[in-house]
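Asks: What follows is a single structure, and I will ask about it in a moment.
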Amino acid sequence: MGELVAGRGLKPLPDDGHPRTQFAQDLRMLREQAGAPSYRILVEKVGYTLATYSSMFNGKALPEREQLLDLVGYLGGDTEEWAKRLRGATSAEEQLKIDTNKRKDVYAEIDALRAELEGYQLIASDPESVFARAAQVQADAQKRIAAAVEIEVNLRTAAARIETQLGETSKAFPLAQARAREIIDQARSAAQEIEYQAHAKATDHLNGAKDTAKSLLEEAQVEASNLIERAGMESRRLRANAGRIVDQLVQEGDRYLEEAREDRLQAELERQRGAAQAERMKLRAKVDLYRVIVEAQQKLLDVGGTESAALLDILLQDLGINDAAINSSDLHGRHRRASPRTTEEEANLLFAGSLGDFKDSEDAIKVSARKIPLPRRAKPQDK
């Protein structure tokens, strides 16, 4: 646009880029070429009011077609050419209004997206969110693991105590056998001694001594058999009780260990889901914000707003989403233009791919949780 100069007796027009301002400047030049007639002469010769001519020559508004043709005809201009100029200026003015409104809408959308991002941040910091629940589940799992460890320690202590009792029982059995042999030996010695003494006294006394010795021997054998049988029964009873207690403690310990592992796996799954949800929300917000800013850059570049487009580039860098695909062949000077391939469809495909990665990660956690084997203890068998 050339430099705007003042007409005779008129103030200079502002260089505001409006089509109506340039149109008014062209009318001033036509008026100067026709001798610069005053507004009063134009009112007398052409008609209309002083306010109408003031609006025409000062760029307040575009004139109506009939008013323009009457004025141009009086000033000696080409009416057909000026009618075309009026149509072009009217279209340019309407397009400027549309672009201005669109620019305002773009900034409003950016403000709305910022508010949405702040909402996502509040959700992520909420104590009732999935992160807090996952932390609580993990704490419960740690408590269950501690209880299982305590049960295992008690189980080992009980097993050691039972083993000690079995050892004492095993030691008592040989002692009983030795006691029985000792009694038998004592009985035999007593019988021999009585037999020797009775042999010295008399045959009757000898027979009586034999009977007594025989009786004592039978009693000793019966007592020894009873001791051996009672020792065997006590040993079997203690062994059976010990096996039953060990089985119960092993089953209870395995159950607690399995519950603790399941709780820990559930806590890990909840934590992964929370992280995936947060990443999806942040990725969705970044994709939407990037799409809106790129569309705004394209619209600003279309209307010549390169400086505003450069400011949106700075906004992309501040928000940390400036790594999108940009076609460097579309750049003019230091101002960038978004690649035609950076469309809403491409952004949606990018977001869908990221969601697929998070879903595959979550499925892998579930499969690995099902494949983790739980330890089993061998049950003691009675010998």
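Asks: Name the helices (runs of 4 or more DSSP H) wholly inside region 7-80 in which the number of residues that are in contact with a Ser or Thr (Cβ under 7 Å, 6 or more places away or on another chain) is 3 or more.
Replies: It comes to 65-75.
Asks: Quick check: anything in region 128-141 of a type in the set (F, W, Y), modelled with pLDDT under 75 and within 29 Å of R230 (Cα to Cα)? Please lay out each step first, then the result.
Replies: Of all residues in region 128-141, those of a type in the set (F, W, Y) come to 131.
Right, trim to modelled with pLDDT under 75 and you get 131.
Subset that is within 29 Å of R230 (Cα to Cα): none.
There is no residue in region 128-141 that is of a type in the set (F, W, Y), modelled with pLDDT under 75 and within 29 Å of R230 (Cα to Cα).
Asks: Can I ask one more? Is it the case, given these coordinates, that A108 is at pLDDT 70 or above, in a helix (DSSP H, G or I) and not aromatic (F, W, Y)?
Replies: yes
Asks: Something else: Going residue by residue through region 43-61, is there one that turns out to be within 30 Å of Q266 (Cα to Cα), modelled with pLDDT under 95 and either among the hydroxyl-bearing types (S, T, Y) or open to solvent by less than 60 Å² (accessible area, probe 1.4 Å) (or both)?
Replies: Going through region 43-61, the residues within 30 Å of Q266 (Cα to Cα) turn out to be none.
Looking for residues that are within 30 Å of Q266 (Cα to Cα), modelled with pLDDT under 95 and either among the hydroxyl-bearing types (S, T, Y) or open to solvent by less than 60 Å² (accessible area, probe 1.4 Å) (or both), one finds none in region 43-61, hence no.
Asks: Here's a follow-up. Just checking, does region 198-206 include any residue being surrounded by 12 or more Cβ atoms within 10 Å (Cβ to Cβ), part of a helix (DSSP H, G or I) and either at pLDDT 80 or above or among the hydroxyl-bearing types (S, T, Y) (or both)?
Replies: No, every residue in region 198-206 fails to be surrounded by 12 or more Cβ atoms within 10 Å (Cβ to Cβ), part of a helix (DSSP H, G or I) and either at pLDDT 80 or above or among the hydroxyl-bearing types (S, T, Y) (or both).
Asks: Given the criterion among the basic types (K, R), surrounded by 16 or more Cβ atoms within 10 Å (Cβ to Cβ), more than 30 Å from A108 (Cα to Cα) and touching a residue at least 12 places away in the same chain (Cβ under 8 Å), identify the matching residue among R291, R264.
Replies: None of the other options fit; the residue is R264.
The values are calculated or read from the model by the stated rules, or taken from the named source; none is laboratory data. The shown structure was predicted, so the numbers you read here are calculated from the model rather than taken from an experiment. No Cβ is skipped: glycine too gets one built from the backbone with ideal geometry, and neighbour counts run over all protein chains shown. What goes into the accessible areas is simple: the full protein's heavy atoms, side chains included, and nothing from ligands, DNA or RNA. Shrake-Rupley method; radii C 1.70, N 1.55, O 1.52, S 1.80 Å.
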